[in-house]
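The values are calculated or read from the model by the stated rules, or taken from the named source; none is laboratory data. This structure is a prediction, so every number in the text was calculated from the model and none was measured. When we count neighbours, we look across all protein chains shown, and the Cβ atoms used for this are built from the backbone with ideal geometry, even at glycine. Protein only, heavy atoms only, side chains kept; ligands, DNA and RNA dropped before computing areas. Shrake-Rupley method; radii C 1.70, N 1.55, O 1.52, S 1.80 Å.
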Amino acid sequence: MHQAERSCAHAGGHLRVRLLREEELSSRDHHRISSLLVEAFPHAAQLFSRQSWRGPRPDRRLLLEGGDGELLAHLDYVIQPIQVADATVEVAGVGEVAVRQGARGRGLGTRLMQELKAALHREPVDFGLLYCLESVAGFYERVGWTRVHQPSRFISPETGRWMDASYPTFILPVRAPLEAWPREGVIDLGGMIW
């Protein structure tokens, strides 16, 4: 997959949708993404002021830009196999989902998820997988993600140490049906969380 770009109308105005491989991002793109992530995740401002990702470098970026070119929303994903109990599952690990503060409430988060679903169907993955805070869990449920109640194991990007966590965890069926997700056992990312 290479850069995909298209323009479309949206309730909040004209949108430009860009799906990019990581290596296609310009230094200007990285700077704009970092700025948005610092705004959206002030607790991680130190990290995002240095780089535009957390954990492993993403494979893809999905950007929504306004008609004036302003970056309004962003997410990234990593394509990788993980272990869930004894099963290997191919996932797109979704992270850094953010909508610019001044653009919230205009349906851009929902639009970002619609664009993600379309993009993932072109990827070699069984499921989308994301972790979030409890305060935004309801949003992911409303846009079609399914919550799973399983512990996770991964390396923390902040400490470099393995940790076991029980963050709100969501899956999105892509090439496999929802019933194919192993509902028992630990979700082991095999490395750093995205």
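Values as computed for the structure displayed
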{"item": "Scan of the range 145-179 for residues that are surrounded by 14 or more Cβ atoms within 10 Å (Cβ to Cβ) and outside any strand (DSSP E or B), ordered by number", "result": "TRP145, GLN150, PRO157, TYR167, PRO168, VAL174, ALA176"}
{"item": "Residue within the range 116-126 that is under 27 Å from GLU39 (Cβ atoms), open to solvent by 60 Å² or more (accessible area, probe 1.4 Å) and not aromatic (Phe, Trp, Tyr) present", "result": "yes"}
{"item": "Some residue of the range 136-144 being under 16 Å from ILE82 (Cβ atoms) and part of a helix (DSSP H, G or I)", "result": "no"}
{"item": "Test: residue in the range 182-194 that is within 14 Å of the chain's Cα centre (by Cα) and either surrounded by fewer than 21 Cβ atoms within 10 Å (Cβ to Cβ) or touching a residue at least 24 places away in the same chain (Cβ under 8 Å) (or both)", "result": "yes"}
